[in-house]
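Just below is one structure, and these are the notes that go with it.
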Amino acid sequence: MIKAIRFEKTGGSDVLQYVDYDLPPPAKGQVQVKHNAIGVNFIDTYHRTGLYALPLPSGLGSEAAGTVTAVGEGVTRFKAGDRVGYASGVIGSYAEANNVAADRLVRLPDGISDELAAAVLLKGMTSQYLIRRIHPVKAGETIVFHAAAGGVGQIACQWARHLGATVIGSTTSPEKVELAKANGCAHVINTKDAGWEKQVRELTGGKGVPVVYDSIGKDTFMAGLDCLQPRGIMVTYGNASGPVDPFSPSVLAAKGSLFVTRPVLAHYTRTAEELQETADDLFKVLQSGAVKVAINQRFALKDAAKAHDALTGKKTTGATILIP
């Protein structure tokens, strides 16, 4: 028996139950991981409320780090005692332990603590595929990154600055301007201001930018296209303000033969090798000190509901983790 957070119906944080749970031995191709730290992400609240439906009853959470305690049949990449983490393709991290498919685990290097791994894997690997693979950010470029003070934004903007780019970040909260600047943004605009896209043009001498990274969606998408240079790329990877409205592809031609992509992490970490390479690139920049992640909230596993309330109540800064 282990302790775990489970829920039988969707709703507010009060649906989360701290219960005894019978975790079976790892099945073929699986690894059992004892958690030392557990990541808390907004998507967890979407699963809890039913916005993103899970079969019920269910566990919760998709990110954790810890130590291998057992391996299932056919697993050769890991052994008991290995330090590992995971952040995608798994549900049930809000628990003392979990069974995880071996090809969804990454090996943690010395110098990356379990707490840091649990706090950064999901957001950090998202940052990696955005700025290193979809559009490899280069020195001398100017880019636009929306929600620059958010979890992904803080990591990606620091990383882009480290790569030599000038980052135009955005926020809708005046109080977050300094936070965005502290995390790599040379300029910060407020996307609630009418004509903010014109500010981007002014900051780039009328040229526009080669790439816009947009997790906001509906409220910023069309104006974001007007920030792009000819043959620029719009990377729309979230919909915090709602899904992007349908539009004609001819709009892309009229605005400069633009490109649009709607990526997800799973498609950039399809194989075990690709997943580990993505994580290793993240670990490298973290170990260099070029990107720093602040873990500003720690809750006991049994207090997961309090963690959710703090997150949805906008009372958190930096990363939030649970400790079993």
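Within the group Ala97, Ala53, which residue is modelled with pLDDT under 95 and of a type outside the set (Asp, Glu)? The match here is Ala53.
State all residues of the range 157-175 that are more than 19 Å from Thr204 (Cβ to Cβ) and at pLDDT 95 or above; if no residue qualifies, say none. Selection gives Gln158, Trp159, His162.
Scanning the range 167-183 turns up no residue that is touching an Asp or Glu at 6+ places or on another chain (Cβ under 8 Å) and either touching a residue at least 24 places away in the same chain (Cβ under 8 Å) or more than 24 Å from Lys138 (Cβ to Cβ) (or both). For the range 248-273, filtered to residues that are within 16 Å of Ile131 (Cα to Cα) and of a type outside the set (A, V, I, L, M, F, W, C), the residue that is surrounded by the fewest Cβ atoms within 10 Å (Cβ to Cβ) is His267. Put simply, of Asn239, Asn183 the only residue that is crowded, with 19+ Cβ neighbours inside 10 Å and either within 15 Å of Ser127 (Cα to Cα) or in contact with a Gly (Cβ under 8 Å, 6 or more places away or on another chain) (or both) is Asn183. Among the conditions (1) surrounded by 21 or more Cβ atoms within 10 Å (Cβ to Cβ); (2) modelled with pLDDT under 95; (3) more than 21 Å from Gly61 (Cβ to Cβ), Glu178 misses just one, which is (1).
Answer yes if at least one residue in the range 276-284 is in contact (Cβ under 8 Å) with a residue 40 or more places away in the chain and basic (Lys, Arg), and no otherwise. No: the range 276-284 contains no residue that is in contact (Cβ under 8 Å) with a residue 40 or more places away in the chain and basic (Lys, Arg). Considering the range 282-294, the residues that are surrounded by fewer than 17 Cβ atoms within 10 Å (Cβ to Cβ) and either assigned by TED's automatic domain parsing to the domain that holds Arg161 or out of contact with any Phe, Trp or Tyr (no Cβ under 8 Å at 6 or more places or on another chain) (or both) include one that is modelled with the lowest pLDDT, namely Ala294. For the range 61-112, the set of residues classified as in contact (Cβ under 8 Å) with a residue 60 or more places away in the chain and polar (S, T, N, Q) consists of Ser62, Ser88, Asn98, Asn99, listed by residue number. A single member of Gly111, Gly124, Gly89, Gly81 is of a type outside the set (Lys, Arg), modelled with pLDDT of 95 or more and at positive phi, and it is Gly81.
One residue stands out among those in the range 302-323 that are closer than 25 Å to Pro109 by Cα and surrounded by fewer than 19 Cβ atoms within 10 Å (Cβ to Cβ): the one that is modelled with the highest pLDDT, which is Ile323.
Just need a number here: residues in the range 7-42 that are in contact (Cβ under 8 Å) with a residue 40 or more places away in the chain and outside any loop (DSSP other than H, G, I, E, B). Residues in the range 7-42 being in contact (Cβ under 8 Å) with a residue 40 or more places away in the chain and outside any loop (DSSP other than H, G, I, E, B): 16 in total. When the strands (runs of 3 or more DSSP E) confined to the range 211-324 are screened for residues that are closer than 24 Å to Leu60 by Cα and among the small types (Gly, Ala, Ser), those reaching at least 1 such residues are found at 295-300, 319-323. For the range 201-229, a residue qualifies if it is small (Gly, Ala, Ser) and under 14 Å from Phe145 (Cα atoms), and the qualifying residues are Gly208, Ser215, Gly217, Ala223, Gly224. Summed over the range 45-85, the residues that are assigned to a helix (DSSP H, G or I) and surrounded by fewer than 24 Cβ atoms within 10 Å (Cβ to Cβ) give a count of 4.
The values are calculated or read from the model by the stated rules, or taken from the named source; none is laboratory data. Please read all numbers here as calculations on a predicted model, not as lab measurements. Because the Cβ atoms are built from the backbone with ideal geometry, glycine has one as well, and the counts that use them run over all protein chains shown.
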